[in-house]
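Peer 1: Structure in structure tokens, see below.
We did not get these values from a lab; they are worked out from the coordinates using the rules stated. All values reported here derive from a predicted model rather than from experimental measurement. FYI the Cβ positions are ideal-geometry reconstructions off the backbone, even for glycines, and counts take in every protein chain you see.
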Amino acid sequence: MLVSLGLDFNRADVGTRESFHLTDSEVEGAYVRKTECHGVREFLVINTCNRVELYGWLEASPRSLRSPHRYLALRYFGSDVEAERFLAVATHRLGRGAVEHLFRVASGLESQILGDIHIQGQVRRAYRLAVETGTLGPHLHRLLDMALRTGKAVKRETELMSGRSSVGSEAAALAARRLGGLEGKRCAVVGCGKIGAHTTQSLLKLGADVVLLNRTAGRAEQLAASVGGRVGDWDRLHAEVAASEVAIVATGSRTPVILLDNLLRERSAGDPHLLLIDVGMPRNVEPAIAGFPDTTLVDLDQLHPDAALVARSRVDAVPKAQDMVSAHIDEYMAWQTSQGAKEALRPLREALHEICMREIRYATEQGGSENDLERAAGRIVSKLLARPMTVLRGTERDQDVEVVHGALRLIFENERRAGSDLPPELETASG
């Protein structure tokens, strides 16, 4: 049974989301804590700037589990208190609903910035980390593979991800709208990862004077060499930000890097109004800065309404993308159904294999003559029919006998007419 829990920008504000956000190393710790904790046989976590999502495969039916979502939350947090807190705010999904949501996420349909080009890389990174730590099995492997293939198809065959739209590029566009253009405006980019790179490219296209700030100077230098901008000194972070008209912040820090007291020391009466856009998760700018004079602070939640205006250019691609997602969902669900049939037949396959091996071994020990093989075949057939015959003899009502008889006829008579000794699933029993 597929189970998922999700918390995103539609469901919770940035403060709530960041309280559940874990770094890759923390997720890895949750993975290795106990692989099959609480009956969750397969497990995946997707963490992005706007979502925390858990996916699990439980080897049980919904009727046999009182709270499958609780087991999933416990698998992630390892704590009843944190699990219950997450369950209270997360969206609960089962089966097809969980599949549909993940496929929509991987296709950019559930992103804060419609068609965000970063989402596929984020899902792929989550997939890779789960593979490396061994928490995936056949169901989630197939699910993630098909989700990523769906996203690629949507990107290739629709305009949903046109224009290289991302949180960073939309932050730059928001700054341009707020300031009436960025030509010649001094803009600081704090954090030179993927979001910082897209932010920088967008700012430079808008004519901004960009200074790059990164804790590891080498990354800032690489970005400056590849796309442009100049490198600032991380030790002068607050001075560089204070002297800018726009600062867009997206680092991997777990705590704020732009602090109120430090900014206060660097700002003076003659400095221009500062627009601070914090797109980090967790937040990279101390929230108290929002009340600082001549400063405007925008976080991910406030970015969303402005970015939605820009996303209208991609709205026309949504119906086709949704149709593609639906087709891929049907394909996955068909595969999952076939897996269910295989699982149901597994005990029979194992019994067949054991009986055949035992009888063949006995016939071989007896010399393997034609008569020996004939008798071995007869014993195999008798043993295979023993259990069905017991069930039929124990059936009290004629109607039940007809149901069982009809099922057996449907399975075996059709195969006999087709010239097959056994169904395909059973033909590989000894493999």
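Peer 1: Could you give me D for the range 2-161, from Stokes-Einstein at 37 °C and 0.692 mPa s, where the hydrodynamic radius is the Kirkwood radius over C-alpha pairs? Units µm² s⁻¹, please. Write down the numbers at each step before the final one.
Peer 2: Numbers: Rh = 15.7 Å.
Diffusion coefficient, whole number: 209 µm²/s.
Peer 1: With unit charges on the beta carbon (Lys/Arg positive, Asp/Glu negative), name the residue among Ser253, Gly232, Ala269 whose Cα is farthest towards the positive pole of the charge dipole of the range 226-271.
Peer 2: The residue sitting farthest along the positive end of the dipole is Ser253.
Peer 1: Another question, then. Residue-wise, which Karplus ³J(HN,Hα) couplings in Hz belong to the range 88-101, taking 6.51 cos²θ - 1.76 cosθ + 1.60, θ = phi - 60°, and x for glycine or proline?
Peer 2: Per residue, the Karplus-derived 3J(HN,Hα) values read 5, 10, 7, 8, 9, 9, 9, x, 4, x, 5, 4, 4, 4 Hz.
Peer 1: Once you charge only the Cβ atoms, +1 for Lys and Arg and -1 for Asp and Glu, what is the size of the charge dipole of the range 107-217 about its Cα centre, to the nearest 20 debye?
Peer 2: Working: 16 positive and 9 negative charges, 34 e Å.
Dipole of the range 107-217, to the nearest 20 debye: 160 debye.
Peer 1: Can you sort Val45, Val231 so the residue with the fewest Cβ neighbours within 10 Å comes first?
Peer 2: Going from least to most buried by this count: Val231, Val45.
Peer 1: Using Cα-Cα distances under 8 Å and only pairs 6 or more residues apart, what relative contact order does the range 97-242 have, in percent? Intermediate values should be presented prior to the final figure.
Peer 2: Numbers: 185 pairs, mean separation 26.4, N = 146.
For the range 97-242, the relative contact order is 18 percent.
Peer 1: A further question follows. Using label points projected 7 Å from each Cα along Cα→Cβ, tell me how many nm separate Ser19 and His273, to one decimal.
Peer 2: 3.3
Peer 1: Quick one: Karplus J couplings for the range 116-122, per residue in order, coefficients 6.51, -1.76, 1.60, θ = phi - 60°, nearest Hz, x for Gly and Pro?
Peer 2: Once θ is set to phi - 60°, the couplings for the range 116-122 become 3, 6, 7, 5, 5, x, 5 Hz.
Peer 1: Determine, for Ile248, Ile113, Ile380, the number of other Cβ atoms within 10 Å of each Cβ, and report the residues in order from fewest to most.
Peer 2: Details: Ile248 30, Ile113 25, Ile380 17.
If I rank by nearby Cβ atoms, fewest first, I get Ile380, Ile113, Ile248.
Peer 1: Right, next: How do Asp8, Asp278 rank when sorted from fewest to most other Cβ atoms within 10 Å of their own Cβ?
Peer 2: Asp8, Asp278
Peer 1: Can you give the convex hull volume of the alpha carbon atoms of the range 166-314 per residue, in Å³? Could the numbers behind the result be given before it?
Peer 2: Numbers: hull volume 15.5 nm³, N = 149.
For the range 166-314, the hull spanned by Cα atoms encloses 104 Å³ per residue.
Peer 1: Take the Cβ-Cβ distance between Asp261 and Gln222 as r, set R0 to 22 Å, and report the resulting FRET efficiency rounded to the nearest 0.05. Before the final figure, lay out each step's value.
Peer 2: Values: r = 32 Å, r/R0 = 1.43.
In this case the efficiency is close to 0.10.
Peer 1: Taking every Cα atom in the range 211-256, find the radius of gyration and the maximum pairwise distance Dmax, and write them in Å.
Peer 2: 10.6, 29
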